[in-house]
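Below: the structure, in structure tokens.
Read the figures in this text as sums done on the coordinates, not as results from a lab. Computed from a prediction, not measured in an experiment: that's the story for all the values here.
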Amino acid sequence: MKKNPALSLVRQIMMEFAEQTGLSPVGRLPRRYLWTDAFAVCNFLELYRLTGDDSYKSLALSLVDQVHETLGRYSEDDMRRGWISGLRPDQGRLHPTAGGLRIGKKMNERGPGEPYDEKMEWGRDGQYYHYLIKWMHALQCVGKATSAEMYYRWAGELAKKVHAGFVFTSAMDDRRYIHWKMSIGLTRPLVPSMGLHDPLEGLIIYSQLQAARSSAPETSSRLDLSHEINELAEICRGLSWETEDPLGIGGLLCNSLQVAHMMVRGSFAQSSLLPALLDSALLGLETYLKRNPLRLPASYRLPFREFGLSIGLHALARLKALIEEEAGVFQESAALLARLDKLLHYRPVGEHIEKIWHEKTNREADTWLEHRAINMVMQATSLMPDGFLQVP
């Protein structure tokens, strides 16, 4: 096996993360946060794949259980108790995602009578659509690594509940949209506006889940997501994906790889989406870099958002290899490869991001320390991205 020079560093980062957040050794009150933990699950699985060390797979599975036991229930300082799904303890453990999952913010969610404060809302709990989508991806990755059907089932149950809770029809124009943030019980929107890429990422993940379900005849018909996929495709119609946010740009590049893999497998028919994603990512990247944001001091930058971009840039070489190998699947494959060559020109940007945050002095900035866990895990993903970039 070819030696991976980043392996020892990723091991160190992820074991430090496990200790700091109460995963290993297990803390009385583990600090779980859904976005960070979704990436962490993928990182532990990749460490297991590369080393064959079962302890990393055990950490991934323990993290899944801890997320469900912590974020699938009300927090200790909430007056409410038990599973947020309302299920009895025994049934809650069998269906831990049936009520959705909390974000994991330190402050309780805003009450029904409390006024909205945009700044304070960032620190309050609730449910985020885009975090839940990432957890569905993590569950699929565990299902693939373990060949255990229950992880796909949990992801499907989560998709069903989340879609029913977040998607709504506007009385203004009779169109469907997705609330950005909902209450823990999914009974009221906390932030009603729609995230730019939420319907896109939902469409992709639901399509992956539907394909996995189609290949497993024993899967319950209640997890059929064809209706939800049609609704998300309707929401996506006519939308633009362009963004100047590095995390969003990186997400588009990861989405491109996911779409291409599904096209090769014959489980995604919207062939026009791939070039649109690449064009949006290229335009966004060019616009983002015109401001020279990577020249700013570390104290003015958000590492985890930059790592989102570097992770996406890692997807490009994998996407190019896939299209070259399966050229017959893709319409105008030469044009797609030309787009990729333009994007690959920016690969050194990702290398710069990894290098700048490897420097100890930059990791002493408040922007690193205030979001330490998410920065560490995203750094590890960027250094060893295949665990996250896999398409289950």
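In region 206-325, Cα pairs under 8 Å separated by at least six residues give a relative contact order of 34 percent.
Just from its helices, what would the mean residue ellipticity at 222 nm be for the chain, if runs of 4 or more DSSP H residues each count -39500 (n - 2.57) and the sum is divided by every residue, rounded to the nearest 500 deg cm²/dmol? Don't skip to the end; give the middle numbers.
Values: 17 runs with 229 residues, N = 392.
Calculated at 222 nm, the ellipticity per residue is -18500 deg cm²/dmol.
Taking each of LYS105/LYS360; LYS119/LYS161; LYS161/LYS342; LYS144/LYS360 in turn, the alpha-carbon distance tops 32 angstrom for LYS161/LYS342; LYS144/LYS360. Looking at the chain alone, DSSP beta bridges between its own residues are antiparallel in about 80 percent of cases. Take every pair of alpha-carbon atoms less than 8 Å apart whose residues are at least six positions apart; their mean separation over the length of the chain yields a relative contact order of 16 percent. Distance from the C-alpha centroid of region 40-96 to that of region 155-188: 23 Å, rounded to the whole angstrom.
Is there a pair in LYS134/LYS160; LYS160/LYS181; LYS290/LYS355; LYS181/LYS290; LYS57/LYS181; LYS57/LYS134 whose C-alpha atoms are over 23 Å apart, and which pairs would that be?
Details: LYS134/LYS160 15 Å; LYS160/LYS181 16 Å; LYS290/LYS355 20 Å; LYS181/LYS290 32 Å; LYS57/LYS181 32 Å; LYS57/LYS134 19 Å.
Check vs 23 Å cut-off fails for LYS181/LYS290; LYS57/LYS181.
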